[in-house]
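Novice: Before I ask anything, here is the structure I am working with.
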Amino acid sequence: MEDRVSVSIEEGVADVRLVRADKMNALDIAMFEALVATSERLAHEKGVRAVVLSGEGRAFCAGLDMGRFAAMKESGGNGIAGGEKRDLSVRTHGQANFPQQAVWGWRQLPVPVIAAIHGVAFGGGFQLALGADIRFLSPDARMSIMEIKWGLVPDMAGTPILASLVRDDILRELTYTGRIFSAQEALSYGLATRICDDPRTVALAMAREIANKSPDAIRAAKRLLNNLSVDPGPALLAESVEQQKLIGAPNQTEAVRANIDKRAPRFVDV
């Protein structure tokens, strides 16, 4: 796990870093497993009062590992964590499945989570950022709901969280196009809390500030704020059902092959 996610805890603040810098912290199976295991560990770690989530190297998280898409190209199989044998509709973690838990685990953590985002947060990396309570972005940060590029839909708990943050038409436009948008756009859409030159430093300072508040009150506040949302269960299941129908289907496989081959896709109308 340490080769994917590092954790240091000091004065009530857990500093969580994605450490796969050579791959822009892309999500392979080991990264999914490390993210789930880390959120589960911190949920039971006494003395943790706030969490900062960030990535080492050039990016926060570039999304699903390209090796998984290459496997899709060759076999048309499941590029999601767990491989072809994983049934996405099975709830493995309460209302979530295993890939969703890599994001939903941070949302459900009993203490505040602050994401410090630089470089890119694409696809699954963007959804990971959504799992945080607060998001600080560097001025040059870029984001994208990129799943459509690969013939997929967001399926890592992104849709129920996005529905509470973004105006409906903006959400649809970003989902349908998969276009890359800037930090300033993210701020205007409600996806960024603040733009700062050094988001990790600012995030750690805020985490220390939160850690100096009553831990009982902070945890109670997070429970209350989480309960303001509508029941996410149906949306989480719908993500999985729709994604499972897409994965490996002819048009999804063609989307992957066309992107990897750098050519225009040849889709077939249903």
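Novice: Among the numbered conditions (1) under 16 Å from the mean Cα position of the chain (by Cα); (2) on the phi > 0 side of the Ramachandran plot, tell me where GLY151 comes up short.
Specialist: (1)
Novice: While we're looking at this one, here's another question. Please determine whether any residue of the range 246-257 is acidic (Asp, Glu), surrounded by 10 or more Cβ atoms within 10 Å (Cβ to Cβ) and within 21 Å of the chain's Cα centre (by Cα).
Specialist: no
Novice: Any idea which residue in the range 175-217 is surrounded by the fewest Cβ atoms within 10 Å (Cβ to Cβ), counting only those that are farther than 18 Å from ILE114 by Cα and acidic (Asp, Glu)?
Specialist: ASP216
Novice: Moving on to the next point. Of the numbered conditions (1) touching a strand residue (DSSP E or B) at 6+ places or on another chain (Cβ under 7 Å); (2) surrounded by fewer than 13 Cβ atoms within 10 Å (Cβ to Cβ), PRO234 fails exactly one; give the number of that condition.
Specialist: So PRO234 meets the others, but not (1).
Novice: On to the next question. Cβ-Cβ distance below 6 Å, separation of 6 or more or different chains: which pairs start in the range 246-270 with a residue that is aliphatic (A, V, I, L, M) and end on one that is surrounded by fewer than 17 Cβ atoms within 10 Å (Cβ to Cβ) and not in a helix (DSSP H, G or I)?
Specialist: If the second residue must be surrounded by fewer than 17 Cβ atoms within 10 Å (Cβ to Cβ) and not in a helix (DSSP H, G or I), the pairs left are ALA255/PRO265; ALA258/PRO265.
Novice: Of all residues in the range 102-112, how many are over 18 Å from MET1 (Cβ atoms), of a type in the set (Val, Ile, Thr) and touching a helix residue (DSSP H, G or I) at 6+ places or on another chain (Cβ under 6 Å)?
Specialist: Within the range 102-112, residues that are over 18 Å from MET1 (Cβ atoms), of a type in the set (Val, Ile, Thr) and touching a helix residue (DSSP H, G or I) at 6+ places or on another chain (Cβ under 6 Å) number 0.
Novice: Mind checking which residues of the range 32-78 are modelled with pLDDT of 95 or more, part of a strand (DSSP E or B) and crowded, with 24+ Cβ neighbours inside 10 Å?
Specialist: Listed by number, the residues that qualify are ALA50, VAL51, VAL52, LEU53, GLY55, CYS61.
Novice: Just give me the residues in the range 203-236 being over 26 Å from ALA163 (Cα atoms) and charged (D, E, K, R), in sequence order.
Specialist: Passing the criteria: ARG208, GLU209, LYS213, ASP216.
Novice: Any residue that is of a type in the set (A, V, I, L, M, F, W, C), closer than 27 Å to GLY248 by Cβ and either crowded, with 22+ Cβ neighbours inside 10 Å or modelled with pLDDT of 95 or more (or both) - is there at least one of those in the range 105-116?
Specialist: The answer is no, given that none of the residues of the range 105-116 is of a type in the set (A, V, I, L, M, F, W, C), closer than 27 Å to GLY248 by Cβ and either crowded, with 22+ Cβ neighbours inside 10 Å or modelled with pLDDT of 95 or more (or both).
Novice: Test SER164 against the stated conditions and say whether it is over 26 Å from VAL36 (Cα atoms), out of contact with any Asp or Glu (no Cβ under 8 Å at 6 or more places or on another chain) and loosely packed, with under 14 Cβ neighbours inside 10 Å.
Specialist: Answer is no for this residue.
Novice: On to the next question. Tell me yes or no: at least one residue of the range 90-101 is touching a Phe, Trp or Tyr at 6+ places or on another chain (Cβ under 8 Å), crowded, with 24+ Cβ neighbours inside 10 Å, touching a residue at least 12 places away in the same chain (Cβ under 8 Å) and within 21 Å of VAL16 (Cβ to Cβ).
Specialist: yes
The values are calculated or read from the model by the stated rules, or taken from the named source; none is laboratory data. Computed from a predicted structure; not experimentally measured. Glycine also receives a Cβ, built like all others from the backbone with ideal geometry; neighbour counts cover every protein chain displayed.
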